[in-house]
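Working notes, structure below.
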Amino acid sequence: MTIIHDDLLDAARAELPGVVDLRRTLHRHPELGLELPRTQAAVLASLEGLPLEVRTGDSLTSVVADLDGGLPGPTVLLRGDMDALPMPEDTGLDFASQIDNTMHACGHDAHTAMLVGAARLLSERRDELAGRVRFMFQPGEEGSGGAALMMDEGVLDGVDGAFAIHVAPNVPAGIVGWKPGPTLASADEIEIVVTGRGGHASTPQWANDPVPVACELVLALQSMVTRTVDVFDPAVLTIAQVEAGTTHNVIPETARLLGTLRAVSERTRHAVWERIRRVAEGIAAAHGCTVEIDIVQGYPVTVNDPRFASFVAGVVEEHLGPGREFQMASPVMGAEDFSYVLQQVPGAMVFLGVCPPDNPEPFEAPACHSNRMILHEDVMADGIALHAAVATDFLARNGDLTPI
Ligand code: NI
């Protein structure tokens, strides 16, 4: 059974002015990490007066709001992340960041505002809801693992399905990209320190120079990835920082490599960890150096439940209109802490195209994490409608995702 809300998009558009205001307020005053007091206060103020049960986090400035429908049923969670990035903003917008080196360049201001819009819209229609909608306003997505901390504080208790939207400036406005299975990559930090013996640069034979060993290692790691990893279950290993030495005539004692490993299956991820160790230890030993390898585990692979992802695609077609969704050919190699949520409950994250109107080609628009990232604010109405439609339909189906 599907309940059709022909007026859902209109209702979402009615919420747009308030949502744009909130988004711009958040954009002007971005905050970083797990402590977002100003953002939290703005969200709480926006939810005031709605028939919600609201609680805030203990170990972070999260907001969890429950909306109980008029009928009993399962619980569906909608998530919006709220944190910004430590970087300058160069958009020239009149509501550009007023905080030095802090910018909402990943669209989390829009995610938060859209989720508030959905809470307002669904509150008006609470009698039609057959279950509970939980709104998860999350700090600390950009590396702090805020989702996992909220899970420790019980955000998933009783939750039967979970949904999140990420904006995508490089996708045409209003188009929704979705994918079953692995959708975003895992992200681990790799640090390798090669230790030799320092000395005079004119007499390398009396030292043990770690610099060529580190260079050999950078190349060997690339060969290892291309020769041992299945291209259809890929990994990306980038050494992004190389550090050694202090001047032209001193052989340093150590050389340090820092990089990132991305994978879209836990199997490949774990296999590459082992191979990094083997290659680094082997090459260092071959030259009489020692090596220390530190693999800092970041977010796991974000895996969409295939049935939930298809369900969302159907919701897009039905409520936003035909031709508004496409199945992505490949995962995105960025990472997300919504991955932790999807390890526990079936759900999906989808990408909502927000390419600004003056970009002839979406790929030319500054991407997420760019200092010039701009999004098409009108599309936030589609995001509000999509949140509301996914929640309403999931509950109307009693959480049953069997295709209908
Ligand atoms: Ni993001």
task: Can you give me the number of residues within the range 140-162 that are of a type outside the set (A, V, I, L, M, F, W, C) and surrounded by 21 or more Cβ atoms within 10 Å (Cβ to Cβ)?
output: 4
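Taking the stated definitions as given, is residue 55 in the same structural domain as residue 162 (by TED's automatic domain parsing), closer than 18 Å to residue 165 by Cβ, basic (Lys, Arg) and in contact with a strand residue (DSSP E or B) (Cβ under 6 Å, 6 or more places away or on another chain)?
no
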task: Just need a number here: residues in the range 130-147 that are within 16 Å of the ligand (Cβ to nearest atom) and touching an Asp or Glu at 6+ places or on another chain (Cβ under 7 Å).
output: 8
- prompt: Counting only residues that are among the charged types (D, E, K, R) and not in a helix (DSSP H, G or I), which one in the range 270-295 is nearest to residue 234 (Cα to Cα)?
  reply: 294
query: How about the range 296-369: which strands (runs of 3 or more DSSP E) wholly inside it have at least 2 residues that are farther than 19 Å from residue 400 by Cβ and within 18 Å of the chain's Cα centre (by Cα)?
result: 302-304, 347-353
- line: Within the range 135-192, residues being within 26 Å of residue 400 (Cβ to Cβ), out of contact with any Pro (no Cβ under 8 Å at 6 or more places or on another chain) and part of a loop (DSSP other than H, G, I, E, B) number 6
- prompt: Given the residues 45, 12, which is the only one that is among the small types (Gly, Ala, Ser) and either under 21 Å from the mean Cα position of the chain (by Cα) or within 21 Å of residue 392 (Cα to Cα) (or both)?
  reply: 12
statement: Those residues of the range 298-351 which are within 16 Å of the ligand (Cβ to nearest atom), in contact with a Leu (Cβ under 6 Å, 6 or more places away or on another chain) and of a type in the set (A, V, I, L, M) amount to 332, 335
message: Condition first: under 25 Å from residue 317 (Cβ atoms) and out of contact with any His (no Cβ under 8 Å at 6 or more places or on another chain). Now tell me which residues in the range 342-360 satisfy that.
response: 342, 345, 346, 347, 348, 353
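The values are calculated or read from the model by the stated rules, or taken from the named source; none is laboratory data. Just so it is clear, the model here is predicted, and its values are computed rather than measured. Glycine also receives a Cβ, built like all others from the backbone with ideal geometry; neighbour counts cover every protein chain displayed.
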